[in-house]
Amino acid sequence: MGAESERVAQFGRLEDGLLQAGDWYRWGPYVSERQWGTVREDYSADGNAWDYLPHDHARSRAYRWGEDGLAGFSDIEQRFCLSLALWNGRDPILKERAFGLTGPQGNHGEDVKEYWWYLDAIPSHAWNRWRYHYPQGAFPYQDLIDTNAGRDRYQPEYELLDTGAFDEDRYWLTEVHYAKAGPDDLLITVQVTNQGPDTETLHVLPTAWFRNTWSWGDDGVRPSLRASGDRSVTIDHPITGVMELIGAAGPDGTTPQLLFCENETNLERLDGVPGSTPYPKDGINDHVTQGAPTVNPERTGTKCAFWYQVTVPPGETAELRLRLRPAAGGGGDPLGEDFTRLVAQRRGEADEFYAELTPEGASEDEALVLRQASAGLLWSKQLFYYDVQRWLDGDPGQPAPPAERLTGRNAKWRNFNGFDIISMPDKWEYPWFAAWDLAFHTVPLAHLDPAFAKYQLILVCREWFQSPNGALPAYEWDFGDVNPPVHAWAALQVFAIDGARDLDFLSRVFDKLLVNFTWWVNREDAGENNVFEGGFLGLDNIGPIDRSHLPDGYTLEQSDATGWMGSYAAAMGAIAAVLNWSGRREGQDLVLKFLEHFASIREALDKQGLWDDADGLFYDRLVTPSGQAVPVKVHSMVSIIPALAALVIDGDMLNRAMTMNKGFMRLLEREGVSDIEKLVETPQLRGEEGHRRLLLSVARSEHLERLFTKLFDENEFLSPHGFRALSAYHRDHPYQFEAEGYHSSIDYEPAESTTSMFGGNSNWRGPIWMPVNYLVVETLERYHRFYGDDFELEYPTGSGERHSLGVIVTDLQDRLISLFTKDENGRRPCFGGTERMQTDPAWRDNLIFSEYFHGDNGAAIGAFHQTGWTGLIADLILRRHGAVKSVGDVARDLISRKRS
């Protein structure tokens, strides 16, 4: 076991408290890429978060609930932060944070207009590598705003590369490396390479500051930073005690200037009134770019920067070093040979960690994808601070928020009080947790840091997150929205990946999810018929109907909501069975309870007519005010999700269920089985006498083959790089829906959406999305483990070739992995037609783990740093090469242990 693996093995439980989890957790990339434009910072009456605190105000306003920055790093409570600021001498402002368009500004919604990558990281954050490409010419802020404003939804987004900002390679390739000599000893390296043809000067400002905790009426003590030498700053840190930040001389031997201001709002600039200090938050910006007297000549404050000016010839690199450490740091040169040795050691430990993780048989390119996907997941940790009651009522001594907020966004979630490190979907586009995204994040995270993965699932169910009624908060824009209930499934995956040892974790999650399951049954089944609603359920605009905002009097019976609940019941039953087999829970009543729910959901699908036998698909039904039920005949993942609800029942439980569970027996009778002997005749039964297992799916067995025929059809769902969210059938057959005056339509859109339904950048109308692809592949694996190699299907549909489900799963894994790996021409599909990314040595191996991918060619679309659920590709690579035990295999091991 390598040094990093040993550190990971010693990590404690984060749910015991952030500061109690382990020393190596104490510093990490917990700073957001964007705090401006978030719900937390919005104190408007109308809830327009983008306009209340725009990018132009971010440099001048002290944030209330968090911080942002380039290559941000902080302690675990984000009390003290580090980041990088740059200035090319031509921009109107320092580059302190990434720029992008707001939701209303972008022709396809919010969109960051910068290029940076998370190239490396390990769980302890003893080694981290970040890269950014900064234009040498004036950054085209207004051009990006104006040109995108002039485009409609039928045109592509106007990107930074399109502006000519990188022509002739006139840009700075910037890398920041963080290494730890010890838990509180950070070694920081900044490397800037002049990629252009001329000698250029770059202003480099490594920046340190305290999050403002003293301006909100709590009598918080204002900490301080103060110069303690020409190149050193003393820090009164509230957690670790007195620390020092030391900067090396510049490459030419010059001493950097130490600049100080306060992390306080510039009220004069924003509101036209006198401020509390002549050295506000933007004081360093104004001093460097305008020469303004806005930095404290006493060299003290709550924000500081080391101002380096480096002149670099074409093709050469300048390196700057800094070190943050306890003030009694020891003798010797803190930035010399020892620094060099420690950085090399930590980088070597990262190599060792990923060598242990990478499975035999993985190609060099797959190893690169695995490592960068893992790095993105680890860099996407962020402190999420949001006390809803305080946010609604306002801070003592501050102006009261508008009264409209008391009945507005999240007003019913006063119990929510988050102050936790959470895995973000994307720290710029989505710098807030999303409940169902988070469940998917935990699967690949479990391979890297099982303790952190388990903490995420427990956290979302804690009393300060979960509503007293049992609902889980969705995301900060609307905690009350409904996400697919995938957390029990995720808990099983994490439990299995971690070696099926942590029964305490499984039991804790199960108890909380019991409450959430009951909420679903009571609140999302309007007709009390086990056909569920739920709204958009994460699938945004996948249909012609806005599923979260139906007209008055209409009800949408959703095949996907019903399928999700079938999956939920199956996963909860599996957890109950594991706890029972292991002796953690006496009796089998809860297992039988979830079998009963599963049977009822299956019965409801049969009775309610959500299956269309002519088309071979499940469809939603819109129930009109008059009671008419109209099927919504769209070929989409909504039609496939019922097939994901499948479970295998062990013979012991099977006998008990057949004798005690009336609903379960009714389900078997509909299968033509009335007693245990008859089960031997059914294709759903496998195993030897006394050790039989029964496979059940919410979708009937005859429906499954019909669904798979559609799913495996390259003219419908199957693309070269995975499954489309909406079938390509609708490319030539747009769907028109009409019911009692309600009109809508949908067609296939393989790239960006042309509708703003449910948010400007939503699009499930054709692209490839990793989470549902992962679930489909995992379900097909489950079917294959049950049926074995003797069960074959035509694949692809119409090819005349029949393969076992195992072969099909392998091919699907390869298709998804191929989004990121080089093809026979050395091109990566995720880069699409962007030639610089495909061919330039400085770009072509910096991977994009985007929100979704083009349904026909695999080009990356949407948020470009959504390593969150797209990080599932790391788990797929491990599974492709046999490095992961399935939940089913783990369950069989547990049963064998019990029998022995």
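The values are calculated or read from the model by the stated rules, or taken from the named source; none is laboratory data. Bear in mind the structure is a predicted one, so any value in this text is a computation, not a measurement. Cβ: placed from backbone, ideal geometry, glycine included. Neighbour counts: every protein chain shown. Please note that ligands, DNA and RNA were not included when accessible areas were found on the heavy atoms of the full protein model with its side chains. Shrake-Rupley method; radii C 1.70, N 1.55, O 1.52, S 1.80 Å.
Kindly indicate whether residue 595 is crowded, with 24+ Cβ neighbours inside 10 Å and at pLDDT 85 or above. Here the answer is no, as residue 595 does not meet what is asked. Scanning segment 549-588 for residues that are among the β-branched types (Val, Ile, Thr), over 18 Å from residue 504 (Cβ atoms) and part of a helix (DSSP H, G or I) yields a single hit, 562. Of the residues that make up segment 157-167, is at least one open to solvent by less than 10 Å² (accessible area, probe 1.4 Å) and either under 19 Å from residue 863 (Cβ atoms) or in contact (Cβ under 8 Å) with a residue 12 or more places away in the chain (or both)? The answer is yes, given that some residue of segment 157-167 is open to solvent by less than 10 Å² (accessible area, probe 1.4 Å) and either under 19 Å from residue 863 (Cβ atoms) or in contact (Cβ under 8 Å) with a residue 12 or more places away in the chain (or both). When segment 214-246 is filtered for residues that are outside any loop (DSSP other than H, G, I, E, B) and more than 19 Å from residue 295 (Cα to Cα), the ones remaining, listed by number, are 236, 237, 241, 242, 243, 244, 246. Of the residues making up segment 828-857, those that are within 17 Å of residue 720 (Cβ to Cβ), in a loop (DSSP other than H, G, I, E, B) and out of contact with any Lys or Arg (no Cβ under 9 Å at 6 or more places or on another chain) are 832, 833, 850, 854, 857.
Please work out if residue 66 is part of a loop (DSSP other than H, G, I, E, B), over 30 Å from residue 405 (Cα atoms) and either at pLDDT 95 or above or open to solvent by less than 10 Å² (accessible area, probe 1.4 Å) (or both). No.
For segment 288-320, filtered to residues that are in a loop (DSSP other than H, G, I, E, B) and in contact with an Asp or Glu (Cβ under 7 Å, 6 or more places away or on another chain), the residue that is surrounded by the most Cβ atoms within 10 Å (Cβ to Cβ) is 302. Residues considered: 335, 320. Of these, the only one that is in contact with a Leu (Cβ under 8 Å, 6 or more places away or on another chain) and among the aliphatic types (A, V, I, L, M) is 335.
Are any residues in segment 790-810 open to solvent by 40 Å² or more (accessible area, probe 1.4 Å), part of a helix (DSSP H, G or I) and either touching a Pro at 6+ places or on another chain (Cβ under 9 Å) or closer than 19 Å to residue 696 by Cα (or both), and if so, which ones? Passing the criteria: only 790. When the residues of segment 386-437 are narrowed to those that are closer than 23 Å to residue 78 by Cα and charged (D, E, K, R), which ends up most open to solvent (accessible area, probe 1.4 Å)? Here the residue is 390.
Against the numbered list (1) free of Cβ contacts under 8 Å to residues at least 12 places away in the same chain; (2) in contact with a Lys or Arg (Cβ under 7 Å, 6 or more places away or on another chain), residue 501 comes up short only at (2). Based on this model, can you work out whether residue 490 counts as under 28 Å from residue 39 (Cα atoms), surrounded by 19 or more Cβ atoms within 10 Å (Cβ to Cβ) and out of contact with any Phe, Trp or Tyr (no Cβ under 6 Å at 6 or more places or on another chain)? Yes: the conditions hold for residue 490.
In the set (1) surrounded by fewer than 23 Cβ atoms within 10 Å (Cβ to Cβ); (2) assigned to a loop (DSSP other than H, G, I, E, B); (3) not aliphatic (A, V, I, L, M), residue 279 fails one condition alone, (1). Give the residues of segment 716-750 that are closer than 25 Å to residue 780 by Cα, open to solvent by 10 Å² or more (accessible area, probe 1.4 Å) and in a strand (DSSP E or B), sorted by residue number. Passing the criteria: only 724. The set of residues in segment 96-141 that are under 24 Å from residue 449 (Cα atoms) and in a loop (DSSP other than H, G, I, E, B) comprises 122, 123, 124, 125, 126.
In segment 20-31, the residues that are farther than 10 Å from residue 82 by Cα and among the aliphatic types (A, V, I, L, M) reach residues that are open to solvent by 10 Å² or more (accessible area, probe 1.4 Å) and part of a loop (DSSP other than H, G, I, E, B) with C-beta atoms within less than 6 angstrom, at least six apart or across chains, in these pairs: 21/12. Being open to solvent by less than 10 Å² (accessible area, probe 1.4 Å), in contact with a helix residue (DSSP H, G or I) (Cβ under 9 Å, 6 or more places away or on another chain) and in a loop (DSSP other than H, G, I, E, B) is a property that holds for residue 474. Taken over segment 406-423, the criterion of being within 17 Å of residue 49 (Cβ to Cβ) and touching a Gly at 6+ places or on another chain (Cβ under 8 Å) is satisfied by 408, 409, 410, 413.
With respect to the conditions (1) over 25 Å from the mean Cα position of the chain (by Cα); (2) within 29 Å of residue 623 (Cβ to Cβ); (3) at pLDDT 90 or above, residue 504 lacks only one, and its number is (2). Residue pairs whose Cβ atoms lie under 7 Å apart, sitting 6 or more positions apart in sequence or on different chains, and linking a residue in segment 404-427 that is closer than 30 Å to residue 449 by Cβ to a partner that is of a type in the set (Val, Ile, Thr) and in a loop (DSSP other than H, G, I, E, B), are 421/76.
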